[in-house]
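Structure first, then comments.
The values are calculated or read from the model by the stated rules, or taken from the named source; none is laboratory data. If you're wondering where the values come from, they're calculated on a predicted model, not measured in any experiment. Here the Cβ is made from the backbone with ideal geometry for all residues, glycine too, and neighbour counts use every protein chain on show. The protein model used for the area step is the full one, side chains on, heavy atoms only, and it has no ligands, DNA or RNA in it. Shrake-Rupley method; radii C 1.70, N 1.55, O 1.52, S 1.80 Å.
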Amino acid sequence: MSSANSDPTLPHSSSTSSLNTPPIENTLLTPLSPATILEKYKGKKDSKKGNAPILKQPFFKITASNKFQVVIQFLRNQLNYKVSDPLFLYVNSAFSPAPDEIVSNLHKCFSTDGHLIINYCTTAAWG
């Protein structure tokens, strides 16, 4: 038995088979319009959580170099919420980023179809 396959945690295939995969082509994807994305995810969204009001405008643009705290403040302003009012923000309904996280980092790692989806509610819904 070769030393590469002697570790029980490694797969039982040869160690070079996964390294000989063809290179992935860099193709340009046509970005979808916000209306198309909204329609695509309409059926996938969770039901409204925590009695948070729904924004009249579903898409906003923000400078990528801003911290996530700017997004929090912006949404509070849009919803007419005071600092003392509870508001929880989540990326892709999965986790709540730290307020000092840079928006561009979140977009690079967690964007969906070129958009960073932020969910919000008035009670802790996830995590």
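Of note:
- Scan of the range 101-120 for residues that are in contact (Cβ under 8 Å) with a residue 40 or more places away in the chain and within 18 Å of residue 69 (Cβ to Cβ), ordered by number: 103, 104, 107, 118, 119, 120
- When residues of the range 103-116 are limited to those that are open to solvent by less than 50 Å² (accessible area, probe 1.4 Å) and in contact with a strand residue (DSSP E or B) (Cβ under 8 Å, 6 or more places away or on another chain), the one farthest from residue 75 (Cα to Cα): 106
- When residue 76 is tested against (1) touching a residue at least 12 places away in the same chain (Cβ under 8 Å); (2) of a type outside the set (S, T, N, Q); (3) over 18 Å from residue 107 (Cα atoms), only condition (1) is not met.
- Beta carbons closer than 6 Å, at least 6 apart along the sequence or on distinct chains, pair a first residue in the range 50-65 that is over 20 Å from residue 122 (Cα atoms) and assigned to a loop (DSSP other than H, G, I, E, B) with a second that is open to solvent by less than 80 Å² (accessible area, probe 1.4 Å) and among the small types (Gly, Ala, Ser) for 64/104.
- Residues of the range 86-102 that are open to solvent by 50 Å² or more (accessible area, probe 1.4 Å), assigned to a loop (DSSP other than H, G, I, E, B) and at negative phi: 86, 94, 96, 99, 100, 101.
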